[in-house]
Amino acid sequence: MTGPCDHASMGSRSDDTFVKPLICRMIMDSVAAGIFTVDLDWNITFFNREAERITGISSDEALGQYWADIVHASDAEEDCALKHSLRTGEPVINRAIYLIDKKGQRIPVSITTAVLRDEQGQVIGCVESFRDLSRVEELQKRLLSQYTYEDIIGRSASMRKVFELLPVVAESDSTALIEGASGTGKELVARAIHNLSSRSKKPFVAINCGALPDTLLESELFGYKKGAFTGADRDKPGRFSLAEGGTIFLDEIADISPAMQTRMLRVLQERVYEVLGSVTPVKSNVRIVVASNQSLNKLVQEGKFREDLFYRVNVIRIELPPLRDRRVDIPLLIDHFLHRFNRLKGKDIHGVSPGAMSVLMSHDYPGNVRELENIVEHAFVLCSSGMIQSRHLPPWLEGAGPSAINQDMLGRMTLEQIEKMAITDALRRQKGNRHAAARELGIHPSTLFRKIKSLQIDLPDRDGRNNN
């Protein structure tokens with residue numbers, strides 16, 4: 001039975017017959033990667049020490065056995081890297097999959113495969129190396145949990161400010177205003193405020209004010225009595241009643257009519273409301289959190305929103321930045337979505353290739369986090385296992401956005417190049433201010449300076465400190 005070391009020694013002088021294979025085996029056993037080889041019948045001919053450690057299977061158990069009976073991989077059925085290399089002669093490099101060890105535990109690994117040839121160039125088998133990514137995966141999980149607040153993900157400076165503000169806002173019963181474009185996670189922030197508050201054991205009730213006409217919105221908010229109008233054959237409690245003691249979240253408050261703004265003002269001022277069909281005021285004990293995807297201050301200036309109502313809702317204001325202004329959060333968000341989809345669907349998608357990541361990093365996301373989630377879900381459905389590739393992304397992403405890059409170039413970008421692009425974009429947004437860019441990226445300025453030097457990033461003559 002022969003392995004790669006034995007094949008390498010074929011044709012050597014007799015005094016080297018045992019020395020060269022022995023040295024080769026010692027080298028193979030010292031490598032920090034599992035390595036095994038198979039012959040043309042797919043039987044294992046070599047199995048190094050790291051392969052023993054990762055799989056829990058000894059070399060004596062593995063040698064001579066059909067490889068798939070020993071190395072249980074998540075790509076074995078659909079897209080086997082070894083079979084691909086033997087069929088095409090092409091190597092497979094750094095494909096992320098799972099191995100199942102002797103105890104039945106899943107081990108995340110990165111595999112590389114290639115064909116084995118003898119001295120005459122004839123194919124005699126295949127070799128596969130695999131690196132244990134368990135430590136990397138654990139570090140990714142710790143990183144994700146470090147930058148998660150409730151279900152809100154972010155490590156950028158703007159999101160850390162939001163995280164710092166949430167407990168302070170939650171302690172108060174004052175009305176809070178959350179402003180941000182659609183898809184930035186305004187309801188998640190509202191729920192976090194509720195969950196961190198003393199009202200957390202009481203209901204959290206949300207309603208989209210912009211989705212209903214005045215008549216329906218009024219009855220939804222305040223409820224109605226039996227006989228209040230045609231079809232009202234029973235009493236119905238409103239959202240304020242359902243949220244009693246808890247929090248009510250009024251989303252897209254900028255879309256309500258002037259008449260409804262007047263009614264809302266009374267609720268905020270006097271903390272009372274009237275049920276439709278009743279003249280008896282009902283006292284309300286709820287925390288009110290409102291949200292808008294438009295600037296309420298700008299709408300006041302345009303005469304489209306009551307100034308007195310604006311001052312009532314703008315007691316505490318939280319602004320959520322668009323995703324294009326916090327690109328450093330994109331990898332964290334992708335990791336979060338993949339973990340969630342894996343749990344829901346029972347799949348083994350555990351990463352995004354550098355090419356796909358560069359596409360995702362270059363898009364401007366007019367739909368913000370919600371759009372990114374939909375894109376990741378699209379790719380998740382198309383990717384059967386392993387790592388999401390550029391081909392799994394929606395076709396319309398190619399060439400999208402002002403910062404889009406040629407697709408061929410994206411596919412060749414390394415993680416280092418992606419990092420360089422993120423730093424360059426941050427410096428551009430901060431007009432060359434290195435300290436502001438470091439805050440946005442969530443790293444120490446000295447770390448940024450070191451990366452600028454190592455990545456050879458061109459800087460403007462001015463550092464932009466006077467711009468802030």
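Length gained on full extension, Trp42 to Val279, computed as 0.36 nm times the residue gap minus the Cα-Cα distance: 76.9 nm.
Amide H contacts for Ile124 (H built 1.01 Å from N in the peptide plane; partners 5 or more residues away or on another chain; cut-off under 5 Å): Leu116, Arg117, Asp118.
Using the Cβ-Cβ distance between Lys298 and Ser384 with R0 = 41 Å, the FRET efficiency computed as 1/(1 + (r/R0)^6) comes to roughly 0.30. Determine the gain in length on full extension of the stretch Gln122-Thr175; use 0.36 nm per residue of separation and subtract their C-alpha separation, reporting nm with one decimal. Extra length from Gln122 to Thr175 when fully extended: 11.5 nm. Each residue of segment 299-308 was assigned a 3J(HN,Hα) from its phi angle through the Karplus curve 6.51 cos²θ - 1.76 cosθ + 1.60 (θ = phi - 60°); the sequence is 5, 5, 5, 8, x, 9, 9, 4, 5, 5 Hz, with glycine and proline shown as x.
Per residue, the solvent-accessible area of segment 124-265 (1.4 Å probe, heavy atoms of protein chains only, all protein chains present) comes to 46 Å². Restricting the GluC sites (Glu not before Pro) of segment 233-318 to loop positions (DSSP other than H, G, I, E, B) with no more than 14 neighbouring Cβ atoms within 10 Å leaves Glu302. Using a probe of 1.4 Å on the protein chains alone, the accessible area found for Trp42 is around 40 Å². Within the same chain, lysines fewer than 8 places from Lys161 are excluded, and of the rest, those with a Cα less than 17 Å from its Cα are Lys186. Rolling a 1.4 Å probe over the protein chains gives Ser129 an accessible area of about 40 Å². The string of couplings for segment 326-339 from the Karplus curve (6.51, -1.76, 1.60, θ = phi - 60°) is 9, 4, 4, 7, 4, x, 4, 5, 4, 4, 4, 5, 5, 4 Hz, one whole number per residue in order, with x for Gly and Pro. The peptide list 329-337, 163-171, 115-123, put in order of mean Cβ contacts within 10 Å with the highest first, becomes 329-337, 163-171, 115-123. What nm distance separates the two modelled labels at Asp29 and Arg160, each placed 7 Å from Cα along Cα→Cβ? Each label point lies 7 Å from its Cα, and together they span 4.8 nm. If Lys and Arg each add +1 and Asp and Glu each add -1, what is the summed charge of the other residues whose beta carbon sits under 14 Å from the beta carbon of Leu296? Combined, the nearby Lys, Arg, Asp and Glu give -2.
Computed extension gain for Thr447 through Leu63, at 0.36 nm per residue and net of the alpha carbon distance, reaches 133.4 nm. Sorting the segments 183-194, 419-430 by their residues' average number of neighbouring beta-carbon atoms within 10 angstrom, most packed first, yields 183-194, 419-430. Across segment 280-296, coupling constants 3J(HN,Hα) worked out from phi with the 6.51/-1.76/1.60 Karplus curve, θ = phi - 60°, read 8, x, 10, 6, 10, 10, 9, 8, 9, 10, 10, 9, 8, 8, 10, 6, 5 Hz, and Gly and Pro carry x.
The values are calculated or read from the model by the stated rules, or taken from the named source; none is laboratory data. Keep in mind that this is a model prediction, so the values were computed, not measured. Cβ: placed from backbone, ideal geometry, glycine included. Neighbour counts: every protein chain shown. With ligands, DNA and RNA removed, areas are computed over all heavy atoms of the protein, side chains included. Shrake-Rupley method; radii C 1.70, N 1.55, O 1.52, S 1.80 Å.
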